[in-house]
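Worksheet: one structure, shown below.
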Amino acid sequence: MTTAISVKDLSKIYGERSALSHASFEVPLGTVCGFVGPNGSGKTTTIRMLLGLITPTGGTGTVLGESITHPERYLPSVGAMIEGPAFYPALSGAENLRVLASLGGFSQERVHSLLEKVGLSERGKSKYKTYSLGMKQRLGIAAALLPNPKLLVLDEPTNGLDPSGIQEIRNLIKELASDGTSVFVSSHLLSELEQIAEFLVMLREGEVLFSGRTQDLLAAQIATLIAKPEFSVDLNKLVEITTRHGHPATVEGGAVHIVADAEWGATLNRLAFNAGITLSELSATQPTLEETFFEMTGE
Amino acid sequence: MFNVAKAELRKLRRPTLLISTILVVAALTALFTSIVFLRANSGNGNGQRGEIISPATLSAATGLVYGFKIVSFFLGITALCVFASQTAQEYSLGTLRNLLVRQPSRMKILAGKYLSMIIFAIALVLIDAMVAIAISYFLAPHAKVTTSAWFTASALALLGKTFANVLFGTIAFGTFGMILGLLFRSPISSIATGVIWSLILENILAGVVSSTQKWLPGQNFDNVSQGGSLTVSYHWSFMIAAAYLIVGFSIAAVLFKRRDVAN
């Protein structure tokens, strides 16, 4: 088994609406895979199918090498938080975890250590209904960690968390991944995913736009060179030079933005010098995951 | 299934639910049993639907269980509310997805839940029995009721039989609540429907068209608890109640097994 998740032509149709259409992707074992897409793109539907909560209309899939038609074979090794945390309001955080530990046949001893791990040990005895959104989210993550999972599926785990909470979750995911846990995480915080996800699956309107290494996706995007001439009168002249050499450019904020790789920077510098233009700044930028996402999804 | 039942019992034993349910059951039992004994000599109705229960009747072996079974209908309604809310809240709170991730076999979830509810129902009936017998014994001298026939072998056998009947009726109402919870997936809708149907509509129907009494589920559940009546036999009610429960639970179980969990 080399994949944590593998789906082929997975589809889900509700009435006449297609929530997911022939999705195919693979998530290698032991990696962190980001799952991104605009709202309504089919992320949660996919996750629900992987967890056996809804039945696919078509296609096949495996989780930890077992078919998704038999979730009982792999779910004991899977931790999941789907569409935010959901617990019993009248029970304490600890009691909620004990309910799930009893259900899954896990040791009750884990409850305390997990509360500690997610920073809830002091509020473990408080009723769930008194928790803030961030605390509820942490409890959801603690519940997902109950089985000591080989695969962790997290749907928007950083919702409602403050910056330090987001950082803690990021570190937790990194820590779990370094221990060999595969993590499949959907999030709208693309800058966070860019830091932790080696693999990426991108959805739009129920279809897979991209699945593969995050670096491959970013590398395939067109980079931008930003050149700032010493004198602003040279801006248009510089645009003319780059365009003439096959690199379209625009003037933005007192600098020329040129569609070109970083390697072309030396040529640009030489061309500008030959034309009598002194560059006061020259830098290259690679599109971020967020920019790539917007570009690809057309959002 | 036993892990599910264990998890469910953790939820059922939370103080707000457990204590309030025990208090309601104890209070209703105390009230109804007291009425039976305190009004035994009044010559007016002191039993169900204005029935007159005389001190002579209460002095027989049946006197031991009269207070116990008179409250069975309300025990059933209590069970209906608890079973319905415990089932439907899994949908309304979104906790069903947690349960199914930890225990993917939906039938085991259902069986475990049902087992825990049965344990809860046994506790309710036990409390009812203990409170009713204690109050009956305490009020017997006041009502000029002799209790010597209460502690004979036949009275104790009757107590066992009544316990089983009241338990069956309570579980039947609870199962009805659970079915409604699975169908409506909302605690408020399922409790409201169950209570309005059992407490109001069935009684109006049975009162206006008496022949419907032998076909209505709630009337038959309660008739089993009462050990049968002059108009509808115990065996008829038992068969009809069992048929309702088997058909209703089968439909609800198939829906629970096949329906997507999308909330």
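Computed from the coordinates by the stated procedures, all read-outs in this text should not be read as laboratory data. All figures in this text were calculated on a predicted structure; none of them were measured in a lab. Cβ placement follows ideal geometry from the backbone for every residue including glycine, while neighbour counts extend to all protein chains displayed.
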- Once amide hydrogens are built 1.01 Å from N within the peptide plane, the residues lying 5 or more places from A:LEU209 or on another chain with amide H under 5 Å from its amide H are A:MET202, A:LEU203, A:ARG204
- Item | For chain B, size of Cβ-based charge dipole, Lys and Arg +1, Asp and Glu -1, in debye | 840
- What is the gain in length, in nm to one decimal, between B:ALA164 and B:ASP260 on full extension, counting 0.36 nm per residue of separation less the C-alpha to C-alpha distance? 30.8 nm
- Message: Can you say what percent of the DSSP beta bridges in chain A, counting only those with both residues inside, are antiparallel? Round to 5.
- Response: 70
- Note on the structure: Note on chain B: contact order normalised by length, alpha-carbon pairs under 8 Å, 6 or more apart, percent, works out to 27
- Query: Relative contact order (percent) for the range A:31-162, with alpha-carbon contacts under 8 angstrom and 6 or more residues of separation?
  - Reply: 30
- Please state the relative contact order of chain A as a whole percent: Cα pairs under 8 Å, 6+ residues apart? 20
- Message: Nothing charged except the Cβ atoms of Lys and Arg (+1) and of Asp and Glu (-1): what's the magnitude of the dipole of the range A:111-165 about its Cα centre? Round to the nearest 20 debye.
- Response: 260
- Where nothing but the Cβ of Lys and Arg (+1) and of Asp and Glu (-1) is charged, how large is the charge dipole of the protein assembly as shown around its Cα centre, in debye to the nearest 20? 2920
- Out of A:LEU279, A:ALA80, A:HIS245 - ranked by how far each Cα lies towards the positive end of the dipole of chain A, with unit charges on the beta-carbon of charged residues - the top one is A:ALA80
- Task: Give the long-range amide H neighbours of A:ILE13: residues separated by 5 or more places, or on another chain, with amide H under 5 Å away, using H modelled in the peptide plane at 1.01 Å from N.
- Result: A:ALA19, A:THR57
- Item | Between helix B:15-38 and chain B: long-axis angle, C-alpha atoms, 0 to 90°, nearest 10 | 20
- Estimated 222 nm signal from helices in chain B, with DSSP H stretches of n ≥ 4 weighted -39500 (n - 2.57), rounded to 500: -24000 deg cm²/dmol
- Which listed residue (B:ALA155, B:SER237, B:THR62) has the Cα farthest towards the positive end of the charge dipole for chain B, taking +1 on Lys and Arg C-beta and -1 on Asp and Glu C-beta about the Cα centre? B:SER237
- Task: Check the range A:3-219 and count each lysine pair with an alpha-carbon distance under 27 angstrom, considering only pairs eight or more places apart or from different chains.
- Result: 18
- Item | Rounded to 5, percent antiparallel among DSSP beta bridges of the protein assembly as shown | 70
- Message: Can you work out the Karplus-derived ³J(HN,Hα) for every residue in the range B:242-249? Use 6.51 cos²θ - 1.76 cosθ + 1.60 with θ = phi - 60°, whole Hz, and x for glycine or proline.
- Response: 4, 5, 4, 5, 5, 5, x, 5
